[in-house]
Amino acid sequence: MKTKVFKWLIIGMWSLFVGVFLMGSLYIYTVSIDLFGLYGGMPSLRALENPENDLSSELISSDGVSLGRYFRYNRSQIAYEDLSDDLVNTLLLSEDHRYYEHSGMDFIAYMRVLKGILTLNPAGGGSTITQQLAKNLYTQDKKLEGRLASLGRMPKRIVEKTKEWIISVQLERNFTKKEIIAMYLNTVEFGSNAYGIKTAAETFFGKGPDSLNLQESAVLVGLLQATTAYNPVRNYDNSFEKRNEVLWKVHKYGYIDRPTYDSIKVLPIDLSHYDVANQNKGMATYFRSVIKDHLMQWCSENGYDLWEDGLKIYTTIDSRMQRYAEEAIREHMSKLQKIFDEHWGKRHPWVDESGREMKGFIMNRFKRTEHYRSLVRKYGKDSDSLRIALEHPKKMKVFSWEGEIDTVLSPLDSMRYYKRFLQTGFMAMDPQSGNIRAWVGGIDHKYFKYDHVKQGRRQPGSTFKPFVYGTAIENSYYPCFPLYDVSPQFKVPGGTWRPKNADGGYGTGEKMTIRMAMAQSINSITAQVMQRVQVENVVKFAKRMGITSPLDAVPSLCLGTSDLSVYELVGAYSTFANEGIYTKPYYITRIEDKNGNVLENFVPETRQAITEETAYLMIHMLKGGVEEEGGTSRGLSYAVKAGNEIGGKTGTTNNASDGWYMGLTHNLVAGAWVGGDDRSIHFRNWAMGQGGKTARPIWDKFMQKVYNDKELSVKKGAFKRPDRGLNVELNCSRYENSVTDIDSLRVEEQPEDDIYVP
């Protein structure tokens, strides 16, 4: 009898085991095929072989430095070879010390978990790194949820766990152990806007994952348990304790001995390099912001997502020159702002043409902001609540040249504070290749978003004059051609117009060459030249040189009254330095996908705009600013001028609202603009706000830094003379007091086939 009962008991147990096994296998199979849509889809084998992450696209300088990223989630991929040994061992010994002994699921760990549940003494989770990777990659995808997910948390969790097991097996079959470790570290979140180990290492410790040491690795591995609770910045004590727990496991499993553990556990967490990435930080912030629209358009046309496809965008920006440009602006503008503040004192710098403060200026400007429109939507346009909100102080951080300041200001007070700051735009370009080497669109991208290189347009003042003289040179007027300093008169609608010189007069009657006149920026002679060559021809010349903004064909155009951008002015001046060839400034050389495949190569647009001789004669004219007595570039530093050929032109508009400087060398052309956010914000007198004082120092400081860097290819040198020589004498001294006719300046008649026809 006992034997029979025992027999049936054995049969029953085996039947139960087989039944559970069959039912379990059937359940797993139904999950894998998503029977009746109950469980939700599974990623395909192809997806498992090529796991997709939302990867940030990276902007890379011409010298291989990361300028920044475009991201929804700040993530970048790395390979196993890019991980330090300390990091890998810390991860494995802390999270999955039998990693190389299992095939995706650690049944010994499951038994430990089950024992903990039965004894009411939980001993931690049993998920392997492979399972955690499966969860990170796939089971959080809402698109893969089935009908059972709507029944509650428990059915949903069971299905997710089942999928996790299935996917883990597939991962182990299709990838090596090392590949799985790298994939896992590429997908995890570390907090502080850092997704993936590469970004986390850069964010918390300012280094790559291949350089992480034991204590740094332990901090990051600890973060995997809870990104907020163990964040070393927000919760230092928790992070410190968690780091040491991780280090204890590393010691426990024999990677380090006890003395090493004891010495490391007392070390503080070094957060001196902690820096959360965002679009307001890092290098070339304005450049990154401006070209974003261009990149998004390219992505739209080519089927890519800038924010998550992990594109590599290679730019023409040189990180060293970019840094020097930002340093030059910081050094000069901080001092200039102090002078500006002292100059105005307690008075407000927004004034009308009579020098009187403009009433209602701040309110009028504030009404243009989105902040004002949101308040109107909330309170109503004419409500008392709106008035109270505009004047109600609140805590905020504000920009200053000494660093951010914590203060209390109302919205109107904040506008009043920021409107006092002078702004700037600067761009440097290789005239031969068209490569933009540096781009600074303002004084601080976090607080002043508007870009003053390409987006902003202001009156160029005398920096437009080279296009007037260039038109003359093209029409057989040469640098030694003499004119008298007498202001001409133009007929204009409603009467006549006669330009004044910088001193407020209509000329001294002095005789001078047009080279000297341009060097000293004499308005009267520029106007005479305009009168001779006609304004329509000047407009055509400027357009050929690369000016794209509308130009008003009026006499005052010779003094730079039509708004232009730094971007187009630098491009146009580069035509002079590039033997008459206009090369459109460009900033992207190629775009690659996340695997390094080249998606597109870019080349600059070029065209012959003027003859080589005209270009060189205009270089000679521009060099007059340095070489002629009274030239507006003579104040450049000896460090930049010594052993170097330089062409330069200052520019200043009425009331000194805009200060400009354009500087040319044989292999680098750069331009700077300085002014207020509004044209009504400026120095009270022209002398203090002229381009020679506000903008020229930026170019000078930048060039000094460039020349001091011996690793850069930008060296001092001379402009290239035309191979065929010149048809004009450049030494004007032999013609002093005798030249009366333009034809006497010719060395020989230009051959007919060399005549340039616009």
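The values are calculated or read from the model by the stated rules, or taken from the named source; none is laboratory data. Since this is a predicted model, take the numbers as computed values, not measurements. In this analysis, Cβ positions are derived from the backbone assuming ideal geometry, glycine residues included, and neighbour counts consider all displayed protein chains. In case anyone asks, the SASA skips ligands and DNA or RNA and just uses the protein heavy atoms, side chains included. Shrake-Rupley method; radii C 1.70, N 1.55, O 1.52, S 1.80 Å.
Just one of the listed residues (Arg420, Arg437, Arg416) is open to solvent by 20 Å² or more (accessible area, probe 1.4 Å) and either within 30 Å of Ala615 (Cα to Cα) or of a type in the set (Gly, Ala, Ser) (or both), namely Arg437. Residues that are open to solvent by 40 Å² or more (accessible area, probe 1.4 Å) and of a type in the set (Ser, Thr, Tyr) within region 76-100 comprise Tyr80, Tyr100, listed in sequence order. Taking first residues from region 64-77 that are closer than 12 Å to Asp309 by Cβ and partners that are in a loop (DSSP other than H, G, I, E, B) and among the aromatic types (Phe, Trp, Tyr), the Cβ contacts under 9 Å between residues at least 6 apart in sequence or on separate chains come to Tyr70/Trp307; Phe71/Trp307; Arg72/Trp307.
If only residues of region 351-368 that are without any contact (Cβ under 8 Å) to a residue 12 or more places away in the chain and open to solvent by 60 Å² or more (accessible area, probe 1.4 Å) are counted, the one that is nearest to the chain's Cα centre (by Cα) is Arg368. Of the residues His392, His452, the single one that is open to solvent by 30 Å² or more (accessible area, probe 1.4 Å) and at negative phi is His392.
For region 217-251: of the residues being in contact (Cβ under 8 Å) with a residue 40 or more places away in the chain and open to solvent by 10 Å² or more (accessible area, probe 1.4 Å), which is nearest to Ser263 (Cα to Cα)? Top of the filtered list is Lys249. Return a yes/no flag: does region 437-447 have any residue that is in contact with a Gly (Cβ under 8 Å, 6 or more places away or on another chain) and in a loop (DSSP other than H, G, I, E, B). Yes, region 437-447 has at least one match.
Selection of region 166-185 for residues being basic (Lys, Arg) and within 13 Å of Tyr99 (Cα to Cα) yields Lys177, Lys178.
Give the residues of region 667-685 that are among the β-branched types (Val, Ile, Thr) and over 26 Å from Gly504 (Cα atoms), sorted by residue number.
Answer for region 667-685, where residues must be among the β-branched types (Val, Ile, Thr) and over 26 Å from Gly504 (Cα atoms): just Val669.
For region 494-521, taking the residues that are in contact with an Asp or Glu (Cβ under 6 Å, 6 or more places away or on another chain) and crowded, with 19+ Cβ neighbours inside 10 Å, the one that is nearest to Gly580 (Cα to Cα) is identified as Ala519.
Would you check if there is a residue in region 464-476 being of a type in the set (S, T, N, Q), in contact with a Phe, Trp or Tyr (Cβ under 7 Å, 6 or more places away or on another chain) and closer than 24 Å to Ala542 by Cβ?
Within region 464-476, one or more residues are of a type in the set (S, T, N, Q), in contact with a Phe, Trp or Tyr (Cβ under 7 Å, 6 or more places away or on another chain) and closer than 24 Å to Ala542 by Cβ.
The number of residues in region 530-546 being of a type outside the set (D, E, K, R) and surrounded by fewer than 23 Cβ atoms within 10 Å (Cβ to Cβ) comes to 7. Residues being over 28 Å from the mean Cα position of the chain (by Cα), part of a helix (DSSP H, G or I) and closer than 13 Å to Pro411 by Cα are entirely absent from region 329-348.
Tyr478 fulfils the conditions (1) more than 18 Å from Met618 (Cα to Cα); (2) modelled with pLDDT under 95 except for a single criterion, (1). Quick one: would you say Arg387 is out of contact with any Ser or Thr (no Cβ under 7 Å at 6 or more places or on another chain), open to solvent by 50 Å² or more (accessible area, probe 1.4 Å), under 24 Å from Ser565 (Cβ atoms) and not aliphatic (A, V, I, L, M)? Against the criterion (out of contact with any Ser or Thr (no Cβ under 7 Å at 6 or more places or on another chain), open to solvent by 50 Å² or more (accessible area, probe 1.4 Å), under 24 Å from Ser565 (Cβ atoms) and not aliphatic (A, V, I, L, M)), Arg387 does not qualify. Considering the conditions (1) modelled with pLDDT of 55 or more; (2) open to solvent by 50 Å² or more (accessible area, probe 1.4 Å); (3) part of a helix (DSSP H, G or I), Gln131 is excluded by exactly one of them, (2). In region 705-758, the qualifying residues are those that are at pLDDT below 50 and open to solvent by less than 40 Å² (accessible area, probe 1.4 Å), and the one that is farthest from Tyr616 (Cα to Cα) is Val739.
Within region 526-542, not a single residue is assigned to a loop (DSSP other than H, G, I, E, B) and either over 25 Å from Pro493 (Cα atoms) or among the aliphatic types (A, V, I, L, M) (or both).
Yes or no: region 639-651 includes at least one residue that is at pLDDT below 95 and either open to solvent by less than 30 Å² (accessible area, probe 1.4 Å) or farther than 13 Å from Asn578 by Cβ (or both). Within region 639-651, none of the residues are at pLDDT below 95 and either open to solvent by less than 30 Å² (accessible area, probe 1.4 Å) or farther than 13 Å from Asn578 by Cβ (or both). Residues of region 549-567 that are in a helix (DSSP H, G or I) and open to solvent by 10 Å² or more (accessible area, probe 1.4 Å): Pro555, Ser556, Leu559, Tyr567. Against the test of being open to solvent by 10 Å² or more (accessible area, probe 1.4 Å), touching a Leu at 6+ places or on another chain (Cβ under 7 Å) and basic (Lys, Arg), the options Lys584, Lys594 yield a single qualifying residue, Lys594.
For region 436-455, what are the residues that are modelled with pLDDT under 95 and small (Gly, Ala, Ser)? The answer is none; no residue qualifies.
The condition of being among the charged types (D, E, K, R), in contact (Cβ under 8 Å) with a residue 12 or more places away in the chain and part of a helix (DSSP H, G or I) holds for only one of Arg387, Arg416, Arg377, that being Arg416. Total residues in region 288-317 satisfying the condition of being surrounded by 19 or more Cβ atoms within 10 Å (Cβ to Cβ), part of a loop (DSSP other than H, G, I, E, B) and touching a helix residue (DSSP H, G or I) at 6+ places or on another chain (Cβ under 7 Å): the figure is 2. Per this entry, Ile681 is counted among residues that are touching a Pro at 6+ places or on another chain (Cβ under 7 Å), crowded, with 18+ Cβ neighbours inside 10 Å and either of a type outside the set (Ser, Thr, Tyr) or farther than 22 Å from Lys346 by Cα (or both).
One residue alone among Asp413, Asp444, Asp430, Asp406 is within 30 Å of Ala519 (Cα to Cα), of a type in the set (D, E, K, R) and within 34 Å of the chain's Cα centre (by Cα), and that residue is Asp430.
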